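Values in this text are rule-based calculations from the coordinates and carry no lab data. All values derive from a computational prediction rather than experimental measurement. Note: ideal-geometry Cβ built from the backbone for every residue, glycine included; neighbour counts use all protein chains shown.
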Amino acid sequence: MEEADSRRTGFSMAQGYGGTKGYGLLLDVDGNDVYIADDRVLDFPSPQTDKHNVSMAQGAGYGRRADYTDGHSLAGGVGVLVDGAGNDRYSCGVFGQGVGYWYGLGILSDGGGDDTYEGIWYVQGASAHFAVGILEDVSGDDRYLATMNMAQGAGHDFSLGWLIESGGNDIYRAPSLSLGAGNANGIGIFWDAWGDDRYEVQPSITLGRSNIGARGSLRERALCLGLFCDTGGKDVYPEGLPFARNEALWTQPGASQPPMPREYGAGIDCEEPLKPEDL
Ligand SMILES: [Ca+2]
Ligand SMILES: [Ca+2]
Ligand SMILES: [Ca+2]
Ligand SMILES: [Ca+2]
């Protein structure tokens with residue numbers, strides 16, 4: 001790979017991070033850049049998996065959750081990373097690349113170039129607990145890789161996770177709870193507007209599906225939504241999920257056993273871009 005114009009490395013709470021009452025912005029106008037939240041030296045093992053660090057980086061809003069400890073919760077702030085152009089590489093562990101936690105808002109916006117996004121869990125437009133996480137990529141042939149859980153348009157516990165991809169031939173390698181997935185009354189939205197894309201994901205809670213999980217509480221009566229949209233281009237979908245294909249509309253039952261009425265999951269693929277008169 002060519003030498004990067006700028007290379008930023010950190011561990012946790014970096015590269016566009018906002019904590020309580022805080023706003024953090026990383027603004028980079030152009031150039032081919034590398035952003036790394038180190039996930040090799042495990043100094044900040046995450047509650048989700050001790051094999052990876054809590055990154056809270058690259059567009060991350062974070063609050064203090066204490067409803068099950070001392071009760072003194074504090075709402076999260078706003079973390080934003082904006083990179084205007086260039087072929088960039090983003091890499092993190094758990095929580096990063098447009099992620100919100102506990103009333104926080106995190107946004108990663110990349111304006112162009114062929115980019116690579118690599119992360120583990122709660123990444124690439126993901127959120128947990130009354131929060132919002134957004135990843136927006138405007139153009140270019142991009143690669144998205146997430147390995148463990150909750151990624152690429154995934155919301156958990158009354159949160160919204162949103163991935164917006166406006167152009168280019170993109171590749172998505174996704175874990176469960178991805179590509180438009182809601183968990184525990186979260187909302188996950190995935191929208192790839194254009195290009196010939198490839199989706200690599202195992203049959204799971206993905207491609208427009210939701211999972212409330214707990215029974216016997218008010219959760220059963222609240223919305224849980226996963227929405228997948230690919231609105232242009234000829235795409236490659238996983239063989240194991242035959243309902244997901246070009247020129248198709250689909251719905252998926254909730255992942256709870258048996259599914260609950262308020263679990264909604266849907267997907268749409270169209271090869272020609274939608275025009276207003278089609279709606
Ligand atoms: Ca750049
Ligand atoms: Ca870029
Ligand atoms: Ca793209
Ligand atoms: Ca695309």
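Enumerate the calculated ³J(HN,Hα) couplings along segment 78-88 in order (Karplus 6.51 cos²θ - 1.76 cosθ + 1.60, θ = phi - 60°), each rounded to whole Hz, writing x wherever the residue is Gly or Pro.
Whole-Hz 3J(HN,Hα) from phi for segment 78-88: 10, x, 9, 10, 10, 10, x, 6, x, 8, 10.
Arrange His72, His52 by Cβ neighbour counts within 10 Å, fewest through most, would you?
Exposure proxy ranking, most exposed first: His72, His52.
Which part of segment 20-36 falls in the paramagnetic zone of Ser6, meaning amide N under 17 Å from the point 7 Å along Cα-to-beta-carbon?
Once the point is set 7 Å along Cα→Cβ of Ser6, 24-36 turn out to lie under 17 Å by backbone N, inside segment 20-36.
Please list 146-157, 75-86 highest first by mean number of surrounding beta-carbon atoms within 10 Å per residue.
Ranking, from highest mean packing down: 146-157, 75-86.
Which order results if Val54, Val99, Val123 are arranged by neighbouring Cβ count within 10 Å, fewest first?
Listing Val54, Val99, Val123 from fewest to most nearby Cβ atoms yields Val54, Val123, Val99.
For the chain, report the convex hull volume of the alpha-carbon atoms normalised per residue, in Å³, without decimals.
130
Using 0.36 nm per residue of separation minus the Cα-Cα distance, give me the extension gain between Phe243 and Ile268 in nm, one decimal.
This chain segment gains 8.0 nm when fully extended.
I'd like the distance separating the alpha-carbon centroids of segment 163-228 and segment 32-95, in whole Å.
Measuring centre to centre over Cα atoms gives 20 Å.
Taking every DSSP beta bridge that has both residues in the chain, what percent is antiparallel when rounded to the nearest 5?
Restricted to the chain, the bridges split so that about 5 percent are antiparallel.
Counting other beta carbons within 10 Å of each Cβ, put Tyr237, Tyr172 in order, fewest first.
Neighbour counts put them in this order, fewest first: Tyr237, Tyr172.
With θ set to phi - 60°, apply the Karplus curve 6.51 cos²θ - 1.76 cosθ + 1.60 along segment 21-37 and write out the HN-Hα couplings as whole Hz, x wherever there is a Gly or Pro.
Couplings: 6, x, 9, x, 10, 10, 10, 10, 6, 7, x, 8, 10, 10, 10, 10, 9 Hz.
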